[in-house]
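No value in this document is a laboratory result; all are computed from the given coordinates. Quick caveat: nothing in here was measured; it's all calculated off a predicted structure. Here Cβ is always computed from backbone atoms with ideal geometry, including for glycine, and neighbour counts include all displayed protein chains.
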Amino acid sequence: MSENPLITFLRARLDELEAAALAWPEDERRWKVVGDRRLTYKSGSWENVTAVDVSGMPCLWWERIYVKADRDGLSEHLALHDPARVLADIASKRAMLDEHPAAEGWQLTGSRGPVCGTCASGTSDGDIEGDRYPCRTIRLLAEPFASHPDYPREQHDREV
């Protein structure tokens, strides 16, 4: 059974996110904000990286990014999405993908075809039946990427 286009698409997006997070040096992948101080974890300790731009506006400065903190919560938002957290999220999503493999069974439409090996239920004759693959769990994992130009539209038409 070949891989479903939505699964292929989702794996590619996770690979892209992982590559972006891994571009940060390993010792700079954890960030946090304490009060008005913006901190990054570097070489085993938290360093203050708060700066002020020419207009006097507080900003965040890391070796690779500069963000003007002109809205409440921007620093906290960035710190909550640091590369270490992104990598953990990707690992979790990949585990969920692996936990929901395609299996041959009876689709609820009455025809044979791919169903989710985890979400499908057993039948009295030892077979399985369930919704057409990919299951709702997989479709929900892919939903944040629905605006991507490569998103498989035929999968998007199904109710999430």
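Once phi is turned into θ = phi - 60°, what whole-Hz ³J(HN,Hα) does the Karplus curve with 6.51, -1.76 and 1.60 give for every residue of segment 125-135, x standing for Gly and Pro?
Residue by residue, segment 125-135 yields 9, x, 8, 10, 9, x, 5, 4, 6, x, 6 Hz.
Going by amide H atoms built from the backbone, whose H comes under 5 Å of the H on ARG132, apart from near neighbours?
LEU108
Quick check: pseudo-label points 7 Å beyond the Cα along Cα→Cβ at LEU87 and LEU22, how many nm apart are they?
1.0 nm
Taking amide hydrogens as modeled 1.01 Å from N in the peptide plane, which residues meet the under 5 Å criterion relative to ALA102, leaving out close sequence neighbours?
So ALA102 has HN proximity to GLY117.
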